[in-house]
Amino acid sequence: MNYPSEILPKINYKFITCDLFNHYLIRFTSSNKKEDLLDSISNQIKQEHICSPREHMNDLSTSLLGVYDILHVQIELTTQGKQKFGQDWIPNEQVTAPQYLSEFIINSGRGFWVILIKKIQGIPVDYTKSNITTPFTAKCVVKHTPMKWNYWHFSIRWELDDGMYWHELQDKERAKLAKRLASEARAIIAKFAEIEEPNYSQLEKEEYCK
Amino acid sequence: MPRPANIFKFEFPLKSNGGIRVFKISDNDYPPFRYKSQFLCNEGTVNNLQSFYSNKKYILLKNLFRQQYIQLESYFEGINFEVANEKMAKSLNSLLETDPEIISMELTHDQSIFYTLKKGSFTFYLQHFLNDIDKDDDEATLIMFKGDDKLPSYAGSLTETMFVLNDTLLTNNLLKIEFLENELSF
């Protein structure tokens, strides 16, 4: 089986910096069954499918839905594949395609959730706390973070009011914010994520080709 | 012989008119977020409590909690089921007091209970952290939406967080309770 070349970075690609408000992000889930994905009472996506225990809410991996479509969520890199392709792609860098079985497999049991970027991009986090007079503020940022296995990889990150990102903080500082920001991320995604395939369009080529 | 109740007074400034809303609570009350009507009548409190325990929502969520705890037990190192269950009962009872139209709960791998509540056009996400064993009151966060608009969030003790939730419901006429306003003596 050949790797889908349409999701690989190409030498004539650039970083995507245009307005993506009307586009969707997609993230795989470990199940593709509606009853597993949705809480039967709230009808919202279950927390266990927003982020797995080994991953982090401070830098959540997603992909831009478009050229990368709902079938691509079934691509699962092997340990060997992650070592070779699970790294940031730098523009002008040429990459080869991962090899079936040794570097990637197809996991047909995977499902997905999608979220409209305009629902989360820039959404403010402002906390008040009884004994703190200055409120804590941050905002949600959707950032293009292409990887060697997937040009369409985007990250959901949290920018603090001093310009630093949550995931860039030292362990001690990060731990202080972890509960609040993780709660925020969980709630925002639960509120706006959907598990049905939406109507979506592909990004115009001039937005990602040089 | 029941011990005498300690009475706690909480004052919340009202943004609308600059006044103060006063809540008085007895620590003999259970759950601990009751207002004047329940506080003044022990019999009524018992009856209310019984109604909670017969409430389908409570039973459903309590069973769900047990199932999820068993599934996620490996993430709850240092918190045994009895302790977790007691903490859950505290937050769940308080949340049910707000009479939500929808309430669901999910245990998370970071040792918390993540509640979703819907009432009117509001959606509330309250995360109750179970792992603050050295503190008198557990930590909680509250994220609120009115429609799709996000409101300011709150982080603090579970008690404080519940007050913010109740206050938001009161301010938006989504909670009808008898409370003491601008009354300083009890």
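Brief remarks on what is shown
- Residue within segment B:136-143 that is more than 15 Å from the chain's Cα centre (by Cα) and more than 18 Å from residue A:191 (Cβ to Cβ) present: yes
- Counted residues, segment A:193-207 - those being under 18 Å from the mean Cα position of the chain (by Cα) and either aromatic (Phe, Trp, Tyr) or exposed (fewer than 10 other Cβ atoms within 10 Å of the Cβ) (or both): 2
- Of the strands (runs of 3 or more DSSP E) lying entirely inside segment A:21-114, those containing at least 2 residues that are under 19 Å from the mean Cα position of the chain (by Cα) and aliphatic (A, V, I, L, M) span A:24-29, A:59-64, A:75-77.
- The set of residues in segment B:104-122 being within 15 Å of the chain's Cα centre (by Cα), facing chain A (nearest Cβ under 9 Å) and among the β-branched types (Val, Ile, Thr) consists of B:116 alone.
- In segment A:148-192, residue farthest from the chain's Cα centre (by Cα) [restricted to those that are surrounded by fewer than 19 Cβ atoms within 10 Å (Cβ to Cβ) and of a type in the set (A, V, I, L, M)]: A:175
- Single condition residue B:77 does not satisfy, out of (1) within 14 Å of chain A (Cβ to nearest Cβ); (2) among the acidic types (Asp, Glu); (3) within 20 Å of the chain's Cα centre (by Cα): (3)
- Taken as a whole, segment B:131-138 holds no residue that is in contact with a Lys or Arg (Cβ under 9 Å, 6 or more places away or on another chain), on the phi < 0 side of the Ramachandran plot, at pLDDT below 95 and among the hydrophobic types (A, V, I, L, M, F, W, C).
- Of the helices (runs of 4 or more DSSP H) entirely within segment B:1-117, those holding at least 3 residues that are modelled with pLDDT of 55 or more occupy B:56-71, B:81-97.
- Of everything listed in (1) exposed (fewer than 15 other Cβ atoms within 10 Å of the Cβ); (2) more than 13 Å from chain A (Cβ to nearest Cβ), the single unmet condition for residue B:101 is (2).
- Of all residues in segment A:15-53, those satisfying the criterion of being surrounded by fewer than 16 Cβ atoms within 10 Å (Cβ to Cβ) and among the basic types (Lys, Arg) are A:33, A:34.
- Test: residue in segment A:54-64 that is in contact with a Cys (Cβ under 9 Å, 6 or more places away or on another chain), closer than 30 Å to residue B:117 by Cα and surrounded by 14 or more Cβ atoms within 10 Å (Cβ to Cβ): yes
The values are calculated or read from the model by the stated rules, or taken from the named source; none is laboratory data. Owing to the predicted nature of the structure, the values given are computational and were not obtained by experimental measurement. All Cβ positions, glycine included, derive from the backbone under ideal geometry; neighbour counts span all protein chains shown.
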